[in-house]
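Reading through the structure tokens given below for one structure.
The values are calculated or read from the model by the stated rules, or taken from the named source; none is laboratory data. Computed from a prediction, not measured in an experiment: that's the story for all the values here. Here Cβ is always computed from backbone atoms with ideal geometry, including for glycine, and neighbour counts include all displayed protein chains.
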Amino acid sequence: MTAQPVASTRRFSLPESVHIAVLLVPIAIYLLALGGGVSLATFFAVGSAVGFTLQRARLCFVSGFRDLFMLHQGRTLRGLIVGLAVGTIGFAMVMGTIIPDAFAGRTPEDAHILPVGLATVAGGLLFGVGMVLAGGCVSGSLYRMGEGYVASWVSMAGVMIGLYALNQTWNFWWDLTISTAPRVWFPTTIGYTGSIVLTFALLAAAYVATLWWERKQAFVANVPIRRAQPAPPASVADDVRLALRGVFRREWSPLTGGVVLSMLNILLFIKYRPLGVVGEISRWANDLGASAGIPMAIQKGLDGLAGCAAAVTEGGSWFTDGFMLNIGIIVGAFVAAVLAREFRLRIPRQPQRYFQSLGGGVIMGYGAGLGLGCTLGAFYSAIPSLALNGWVYALAMAGGALIGTRIIRRLA
Amino acid sequence: MAETETAVPVLDVRGEICPYPMLRTNKELDEVHPGISALDVLTDHPPALSTIPPEAMKRGYGCEIDEVRDGEWMIRLFKDA
């Protein structure tokens, strides 16, 4: 593809007055949700905040891993690592309230303490490959859907196909490995304090490793963006405007994004459960499959699994907590993008992009189902749960991302 | 905005998601027009603003970024004469 003159088509920009009016969208959904119950409204509110945060910080788990391998840039991953440290402290406090005596043999049932074994490794690997091909993980695709990326809508369709395929083969995996895989919760053997120390040591090691890897091919460039500069602030009103600009217009650092995301995760866990989006998407896939005439067989062992195991439609209602959370992420990112004047329909012009988005989505969806979660549920909520599965999944996902970057270099 | 130089080719990668804006820019610099003295890359994908410049700079290009309109940026790559 050679350089072409700029086409003036495909530009999509909203007029000024609509920027603020966009807030009416989440407000209306929130009020409607309140009619259905406090939890629906709360999940929607937290989802919106998550979507807003992900968009503002451009917090992309894929770029966290991919940029490390491809560009030797570790800034995003370090933001996530610091966020995980914050989440670890918060989760330990919540879990310590639910299970005061960690040595008693019980575990907090909503924490993401999952069977760790072959399925964790295979799921993480597939997820890592798929997310790099698709250019976004599951939560990343959700928020980019709200930003207007058509490719991310295609990826999400792929994720649903992948999850449906996994659910059809779930009982095979359950009998083969998941049913007998152990659930390892560090506090049972080394207590909360020991688990926090262990997690912090591992996070610190990962942090240093990114610095070391960056230094191996040091090239960090920060090019300032030239834009029309406003006059320096001369009044309180100007100061307020500047502060608002910092939140709504200027990009947040990955560090800010990672920490805010963990704070939201802790708050949701205090009242309900940790963040996770895949179980719900899995339910959508199953319900859509059933509507198309291929109902899902009973999946074994789902009752005893926390986190992102496939949810089951209860009472015939589509509007569940998980639904509101996922929709909230899309809406929150949409609002953030419009307020930042970054919303636009982004339509890939190269046909093969659609195949990559769909194919990457399918691989990622299958991996997310097998590994019992995505970058949020099986990683960002699992490591603070002080569970071994989070670390195993993270390592497998990193390996998958490395393979994915190799593939993508050939495809480009 | 900087004054536009005459006949600098524009690579339009709008609509593309990471890492394709960067990979297509690299391909342009390495294979399509090897040694080209200047290239403008038009993108609407904010993360590309932090992936394209370092890769181009590794290849000896200088870099400037102009916000050409809301949500659209022109990344100007050039070799010093």
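Considering region A:40-57, and only residues there that are under 16 Å from B:His45 (Cα atoms) and surrounded by 24 or more Cβ atoms within 10 Å (Cβ to Cβ), the residue that is farthest from the other protein chains (Cβ to nearest Cβ) turns out to be A:Leu54.
Out of the residues in region A:244-262 meeting the condition of being at pLDDT 90 or above and more than 14 Å from chain B (Cβ to nearest Cβ), tell me which one is farthest from A:Val62 (Cα to Cα). It comes out as A:Val247. For region A:191-213, indicate whether the set of residues that are farther than 24 Å from A:Cys374 by Cβ, hydroxyl-bearing (Ser, Thr, Tyr), touching a residue at least 60 places away in the same chain (Cβ under 8 Å) and assigned to a helix (DSSP H, G or I) is non-empty. Among the residues of region A:191-213, at least one is farther than 24 Å from A:Cys374 by Cβ, hydroxyl-bearing (Ser, Thr, Tyr), touching a residue at least 60 places away in the same chain (Cβ under 8 Å) and assigned to a helix (DSSP H, G or I), which makes the answer yes. Would it be correct to say that A:Ile347 is within 14 Å of chain B (Cβ to nearest Cβ), more than 25 Å from A:Gly148 (Cβ to Cβ), surrounded by fewer than 22 Cβ atoms within 10 Å (Cβ to Cβ) and at pLDDT below 95? No: the conditions fail for A:Ile347.
For A:Ile298, the conditions (1) surrounded by fewer than 24 Cβ atoms within 10 Å (Cβ to Cβ); (2) modelled with pLDDT of 95 or more; (3) out of contact with any Ser or Thr (no Cβ under 9 Å at 6 or more places or on another chain) all hold with the exception of (2).
The residue that is surrounded by the fewest Cβ atoms within 10 Å (Cβ to Cβ), among those in region A:279-295 that are hydrophobic (A, V, I, L, M, F, W, C) and in a loop (DSSP other than H, G, I, E, B), is A:Ala292. Restricted to region A:83-188, the set of helices (runs of 4 or more DSSP H) holding at least 1 residues that are within 19 Å of A:Leu275 (Cβ to Cβ) comprises A:118-134, A:138-147, A:150-168. Would you say A:Arg346 is in contact (Cβ under 8 Å) with a residue 24 or more places away in the chain and of a type in the set (D, E, K, R)? So A:Arg346 passes the test. Taken over region A:301-333, residues that are outside any helix (DSSP H, G or I) and surrounded by fewer than 22 Cβ atoms within 10 Å (Cβ to Cβ) amount to 12.
Okay, residues lined up against (1) away from chain B (no Cβ under 14 Å); (2) modelled with pLDDT of 95 or more:
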position	(1), (2)
A:Val331	yes, yes
A:Ala336	no, yes
A:Arg353	no, no
A:Gly361	no, yes
A:Ser381	yes, yes
A:Thr405	no, no
A:Leu411	no, no
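Consider A:Ala310 carefully, then state whether it is farther than 20 Å from A:Ser141 by Cα and at pLDDT below 90. Against the criterion (farther than 20 Å from A:Ser141 by Cα and at pLDDT below 90), A:Ala310 does not qualify.
Being over 14 Å from A:Arg58 (Cα atoms) and among the aromatic types (Phe, Trp, Tyr) is the filter here, so list the residues in region A:100-152 that pass it. If the condition is that a residue be over 14 Å from A:Arg58 (Cα atoms) and among the aromatic types (Phe, Trp, Tyr), then A:Phe103, A:Phe127 are the ones that fit.
Only residues that are polar (S, T, N, Q) and assigned to a helix (DSSP H, G or I): list them for region A:240-269, please.
A:Thr256, A:Ser262, A:Asn265
Scanning region A:103-149 for residues that are more than 25 Å from A:Trp185 (Cβ to Cβ) and in contact with a strand residue (DSSP E or B) (Cβ under 6 Å, 6 or more places away or on another chain) yields a total of 2. For region A:58-78, the tally of residues that are away from chain B (no Cβ under 11 Å) and either in contact with a His (Cβ under 7 Å, 6 or more places away or on another chain) or in a loop (DSSP other than H, G, I, E, B) (or both) stands at 1. Going residue by residue through region A:222-243, is there one that turns out to be within 20 Å of A:His19 (Cα to Cα), touching a residue at least 60 places away in the same chain (Cβ under 8 Å) and not polar (S, T, N, Q)? No: zero hits.
Whenever a residue of region A:288-309 is at positive phi, its partners that are of a type in the set (Asp, Glu) and assigned to a loop (DSSP other than H, G, I, E, B), lying with C-beta atoms within less than 9 angstrom and at least six residues away or across chains, give the pairs A:Gly307/A:Asp110.
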